[in-house]
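Working notes, beginning with the structure itself.
The values are calculated or read from the model by the stated rules, or taken from the named source; none is laboratory data. Small disclaimer: the values here were computed from a predicted structure and weren't measured. Ideal geometry is used to build each Cβ from the backbone, glycine not excepted, and the neighbour counts take in all protein chains shown. The accessibility values were calculated without ligands, DNA or RNA, using every heavy atom of the protein model including side chains. Shrake-Rupley method; radii C 1.70, N 1.55, O 1.52, S 1.80 Å.
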Amino acid sequence: MADESLVRLRGVAKDYKRGAETVHVLHALDLDIPKGDFLALMGPSGSGKSTLLNLIGGIDRPTAGSIEIAGIRTDAMSDGDLGRWRANHVGFVFQMYNLLPVLTAERNVELPLLLTKLPAAERRKRANAALGLVGLSERAQHKPRELSGGQEQRVGIARAIVSDPTLLLCDEPTGDLDRKSGDEILDLLQALNQQQGKTIIMVTHDPHAAARAKHVLHLNKGQLGREAAA
Amino acid sequence: MSNNSLTQIGAITSMNVRNMSQRAASSIVALIGIAGVVTVLIGVLSIAEGFRAVLEISGSDQVAIVLRNGATDEMGSGLTQEQTRIIADSKQALRDEQGPVVSPELYVVVDVPLKSTGTAANVPLRGVGPQAMKLRSHFKMVEGTNFTPGKFEVVVGKGASMQFSGLTVGSQLRLGNANWTITGIFEDRGSVAESEIWTDATVLQGAYNRGTSYQSMRVKLTSASAMQAFKDELSTDPRLNIRVFSEKAYYAEQSKILVTLVSTIGSAIAILMGLGAIFAALNTMYSAVSSRTREIATLRALGFGSAPVITSVLAEALLIGLVGGVVGMVVSYVAFNGVRASTMNFATFSQLTFAFTVTPALLVQGLIYALILGFIGGLLPSLRAAKLPITTGLREL
């Protein structure tokens with residue numbers, strides 16, 4: 001991949017304890033992802049795709065190896081520092097959207113901004129701008145249960161981009177959607193990558209979704225397979 | 001704490017609270033548990049408070065009680081008629097047109113059936129001197145008339161007439177070997193005297209073969225500050241072997257045993273019930289945390305720290321404690337405050353009528369206990385919520 005990596009993994013391994021047994025999920029991975037990339041991570045269930053995404057996003061820690069994002073070693077950070085780093089640099093998009101049911105779309109999108117020093121009016125303004133970007137301005141005051149699955153995922157994406165993060169990490173973003181809604185979400189991600197320059201890493205089972213990425217990486221039994229341009 | 005942290009805490013806490021309707025059943029169980037504990041705690045302690053209140057309002061700093069040296073109460077005391085005359089001659093005793101305001105008194109315990117159970121209980125029958133009413137500043141007849149000196153007539157305290165059978169004006173009582181007629185009911189602002197039956201001391205001496213002896217002597221002093229001079233005067237008189245208490249100190253001493261007993265038992269019951277309430281609160285908060293595992297993990301993935309998560313769970317538990325505490329306060333106040341009952345005064349082995357007294361201090365005590373129960377109930381679940389790995393939480397449905 002390119003020389004100037006936004007994401008740089010060296011010798012990253014991840015083991016889990018399952019009772020007395022140690023499960024080796026990832027084996028000494030080396031990976032570089034350049035800024036502005038749209039990378040799809042594919043592979044069978046249990047291959048370690050989500051684990052790799054979690055390690056890059058700083059919500060899990062490697063058993064060995066180093067993770068460097070935009071020149072910062074995240075694997076050596078304290079929990080508190082890692083939390084602050086995530087708030088500033090990572091936007092997560094989840095398969096099940098993970099919206100808070102008691103909050104309106106606007107308040108859900110505003111959540112990451114509560115971690116900034118922005119005044120309330122500015123937070124609302126930015127939340128509405130993000131909702132506008134995903135085409136949901138008119139649904140700002142609706143609660144998640146009043147939205148379709150595709151609309152919920154758009155709110156999830158608005159929440160992920162509202163704080164203008166360095167990285168957008170999507171874990172099966174279309175996995176719970178029908179084909180039409182899924183396509184709309186993929187259109188949106190593609191536009192964010194191409195027009196806003198967002199670096200996106202997307203875990204998916206779906207070759208149709210992976211085809212929208214610039215690159216596809218295959219993981220099998222914790223090891224990276226062939227890399228392909230989509 | 002920065003504004004930013006407060007904003008985070010406020011945002012997560014408000015979400016938790018708004019989510020509570022989804023856990024209404026378990027929240028209500030915990031709330032009722034805490035309310036029940038607070039009700040019992042305040043209820044039991046209001047007995048001690050009522051008992052203390054009766055004995056406190058009964059005592060005056062300006063009235064001295066004289067007992068035989070070595071006696072701690074009237075039951076164990078004895079004074080001769082000669083001694084009572086010497087005491088009445090004290091320069092510190094207040095005088096009016098009828099002479100010194102004193103009352104040599106005799107104290108006998110008699111059996112009268114309780115209205116509530118029909119079983120016999122000890123009631124004090126007090127023989128008093130003609131000036132006795134002036135020694136109780138709030139004494140007044142509320143029904144009938146006072147007893148006639150020299151006759152087998154009695155008047156009954158209002159509290160006693162409410163708690164015991166057959167103590168109504170015009171009724172006859174068989175006490176000792178004589179029949180007594182009840183001529184009136186009196187009150188004395190709820191003091192200990194209201195638990196007693198009164199008669200003429202000289203008639204009581206005859207009825208109970210006490211000769212001319214008395215058991216105590218009440219003396220109204222010229223002022224409260226004359227108490228020490230009164231004590232000094234009497235204790236240096238070689239004809240007397242007596243002990244002087246201020247009436248207030250005497251009743252304070254008497255209330256100690258029961259107040260301590262009731263407070264200890266009440267607190268023990270409240271602690272035991274509190275353990276049960278803590279489990280209810282723990283269960284509620286564990287289920288609250290469990291039902292929100294994915295939400296909490298999502299917030300933490302977005303960068304929210306552990307402190308706001310812990311604080312928000314604790315805040316919800318404290319809110320349950322607060323509401324439970326307030327419900328307990330209201331219920332205990334409505335149910336107990338002013339309810340009259342009688343109990344054994346261990347200092348005199350006779351029944352004392354009192355009203356459950358729910359004081360503001362007791363209400364605050366109940367509320368603090370409720371908040372402690374809520375805090376303990378929320379602490380472990382909040383720590384669990386904060387410590388659960390984010391990746392585990394995100395997998396929860």
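Does at least one position in the stretch B:139-146 carry a residue that is more than 19 Å from B:Gly176 (Cα to Cα) and of a type in the set (Phe, Trp, Tyr)? Before you say what the answer is, go through the steps one by one.
Within the stretch B:139-146, the first condition is being more than 19 Å from B:Gly176 (Cα to Cα), and the residues that meet it are B:139-146.
This time we only want the ones that are of a type in the set (Phe, Trp, Tyr), so: B:139.
Yes.
Only one of B:Ser225, B:Ser213, B:Ser255, B:Ser291 is touching a residue at least 24 places away in the same chain (Cβ under 8 Å) and within 34 Å of the chain's Cα centre (by Cα); which? Spell out the reasoning first.
Numbers: B:Ser225 fails: touching a residue at least 24 places away in the same chain (Cβ under 8 Å); B:Ser213 fails: within 34 Å of the chain's Cα centre (by Cα); B:Ser291 fails: within 34 Å of the chain's Cα centre (by Cα).
Being touching a residue at least 24 places away in the same chain (Cβ under 8 Å) and within 34 Å of the chain's Cα centre (by Cα) holds for just one of B:Ser225, B:Ser213, B:Ser255, B:Ser291, which is B:Ser255.
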Exercise. Within the group B:Val17, B:Val38, which residue is among the β-branched types (Val, Ile, Thr), open to solvent by 30 Å² or more (accessible area, probe 1.4 Å) and closer than 30 Å to B:Ser291 by Cβ?
Worked result: B:Val17
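Suppose we filter the stretch A:19-74 for residues that are open to solvent by 30 Å² or more (accessible area, probe 1.4 Å) and either away from chain B (no Cβ under 13 Å) or more than 26 Å from B:Lys387 (Cα to Cα) (or both); how many remain? Spell out how you get there, then give the answer.
Initial filter on the stretch A:19-74 (open to solvent by 30 Å² or more (accessible area, probe 1.4 Å)): A:19-24, A:27-28, A:30, A:32, A:35, A:44-46, A:50, A:61, A:63-65, A:68, A:70-73.
Adding the requirement that they be either away from chain B (no Cβ under 13 Å) or more than 26 Å from B:Lys387 (Cα to Cα) (or both) leaves A:19-24, A:27-28, A:30, A:32, A:35, A:44-46, A:63-65, A:68, A:70-73.
Number satisfying all stated conditions: 22.
Listed here are the residues, each with its yes/no results for (1) at pLDDT below 95; (2) within 10 Å of another protein chain (Cβ to nearest Cβ); (3) within 27 Å of A:Ala191 (Cα to Cα).
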site: A:Ser78; (1), (2), (3): yes, no, no
site: A:Leu82; (1), (2), (3): yes, yes, no
site: A:Ala87; (1), (2), (3): yes, yes, yes
site: A:Asn98; (1), (2), (3): yes, yes, yes
site: A:Pro112; (1), (2), (3): yes, yes, yes
site: A:Leu115; (1), (2), (3): yes, yes, yes
site: A:Leu131; (1), (2), (3): no, no, yes
For this session: May I ask you to list the residues in the stretch B:113-125 that are over 24 Å from the mean Cα position of the chain (by Cα) and closer than 30 Å to B:Val219 by Cβ?
Result: none
Exercise. With respect to A:Lys17, is the statement that it is modelled with pLDDT under 95, within 16 Å of the chain's Cα centre (by Cα) and not hydroxyl-bearing (Ser, Thr, Tyr) true?
Worked result: no
Exercise. Which of (1) in a helix (DSSP H, G or I); (2) at the interface with chain B (Cβ under 8 Å from one of its Cβ atoms) is the odd one out, the single condition A:Ala127 does not satisfy?
Worked result: (2)
Exercise. Mind checking which residues of the stretch A:152-177 are within 15 Å of A:Asn108 (Cβ to Cβ), outside any loop (DSSP other than H, G, I, E, B), touching a residue at least 40 places away in the same chain (Cβ under 8 Å) and open to solvent by 10 Å² or more (accessible area, probe 1.4 Å)?
Worked result: A:Glu152, A:Ile161
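I need a count of the residues in the stretch A:130-139 that are part of a helix (DSSP H, G or I) and either within 20 Å of B:Ala301 (Cβ to Cβ) or open to solvent by 50 Å² or more (accessible area, probe 1.4 Å) (or both). Give the derivation first.
Looking only at the stretch A:130-139, we keep the residues that are part of a helix (DSSP H, G or I), and these are A:130-133, A:137-139.
Keeping just the survivors that are either within 20 Å of B:Ala301 (Cβ to Cβ) or open to solvent by 50 Å² or more (accessible area, probe 1.4 Å) (or both) gives A:130, A:133, A:137-139.
Residues in the stretch A:130-139 being part of a helix (DSSP H, G or I) and either within 20 Å of B:Ala301 (Cβ to Cβ) or open to solvent by 50 Å² or more (accessible area, probe 1.4 Å) (or both): 5 in total.
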Exercise. Of the residues B:Ala301, B:Ala315, B:Ala341, B:Ala335, which is touching a residue at least 24 places away in the same chain (Cβ under 8 Å), touching a strand residue (DSSP E or B) at 6+ places or on another chain (Cβ under 6 Å) and of a type in the set (A, V, I, L, M, F, W, C)?
Worked result: B:Ala301
For this session: Enumerate the helices (runs of 4 or more DSSP H) found wholly within the stretch B:1-88, keeping only those where 1 or more residues are basic (Lys, Arg) and more than 38 Å from the chain's Cα centre (by Cα).
Result: B:3-19
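To keep it simple, each residue is scored yes or no on (1) surrounded by 21 or more Cβ atoms within 10 Å (Cβ to Cβ); (2) touching a helix residue (DSSP H, G or I) at 6+ places or on another chain (Cβ under 6 Å); (3) away from chain A (no Cβ under 14 Å); (4) of a type in the set (Ser, Thr, Tyr).
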| residue | (1), (2), (3), (4) |
| --- | --- |
| B:Val323 | no, yes, yes, no |
| B:Ala341 | no, no, yes, no |
| B:Leu362 | yes, yes, yes, no |
| B:Gly366 | yes, yes, yes, no |
| B:Ser382 | yes, yes, yes, yes |
| B:Pro389 | no, no, no, no |
| B:Leu394 | yes, yes, no, no |
For this session: For the stretch A:183-198, state whether one or more residues are touching a residue at least 24 places away in the same chain (Cβ under 8 Å) and within 14 Å of chain B (Cβ to nearest Cβ).
Result: no
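Answer yes or no: is there a residue in the stretch B:187-195 that is modelled with pLDDT under 95 and touching a His at 6+ places or on another chain (Cβ under 6 Å). Write out each step before concluding.
Of the residues in the stretch B:187-195, the ones modelled with pLDDT under 95 are B:187-195.
In the following step, the residues that additionally are touching a His at 6+ places or on another chain (Cβ under 6 Å) were identified as B:188-189.
Checked against the condition, which is being modelled with pLDDT under 95 and touching a His at 6+ places or on another chain (Cβ under 6 Å), the stretch B:187-195 yields at least one hit.
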Seminar exercise, completed: Checked the stretch B:159-181 for anything crowded, with 21+ Cβ neighbours inside 10 Å and not aliphatic (A, V, I, L, M); matches are B:Gly159, B:Ser161, B:Gln163, B:Phe164, B:Trp180
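Residue under question is A:Ala120, and the condition is that it be within 11 Å of chain B (Cβ to nearest Cβ), of a type in the set (Gly, Ala, Ser) and in contact (Cβ under 8 Å) with a residue 40 or more places away in the chain; does it hold? Let's see the steps before the verdict.
Working: within 11 Å of chain B (Cβ to nearest Cβ): yes; of a type in the set (Gly, Ala, Ser): yes; in contact (Cβ under 8 Å) with a residue 40 or more places away in the chain: no.
Criteria not met by A:Ala120.
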Exercise. Just checking, which of A:Arg84, A:Arg107 is of a type in the set (Lys, Arg), crowded, with 19+ Cβ neighbours inside 10 Å and more than 15 Å from A:Ile161 (Cβ to Cβ)?
Worked result: A:Arg107
Exercise. If we scan the stretch B:67-89, do we find a residue that is in contact (Cβ under 8 Å) with a residue 60 or more places away in the chain and in contact with a helix residue (DSSP H, G or I) (Cβ under 6 Å, 6 or more places away or on another chain)?
Worked result: no
Seminar exercise, completed: Residue hits (the stretch B:134-151; crowded, with 20+ Cβ neighbours inside 10 Å and not in a loop (DSSP other than H, G, I, E, B)) are B:Leu135
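Going through B:Pro104, B:Pro100 one at a time, which residue ends up being surrounded by 13 or more Cβ atoms within 10 Å (Cβ to Cβ) and within 30 Å of B:Thr168 (Cβ to Cβ)? Walk me through it before giving the result.
On the way: B:Pro100 fails: within 30 Å of B:Thr168 (Cβ to Cβ).
Going through B:Pro104, B:Pro100 in turn, just one is surrounded by 13 or more Cβ atoms within 10 Å (Cβ to Cβ) and within 30 Å of B:Thr168 (Cβ to Cβ): B:Pro104.
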For this session: Restrict the check to the stretch B:286-293 and report whether at least one residue is farther than 24 Å from B:Ile34 by Cβ and within 14 Å of chain A (Cβ to nearest Cβ).
Result: yes
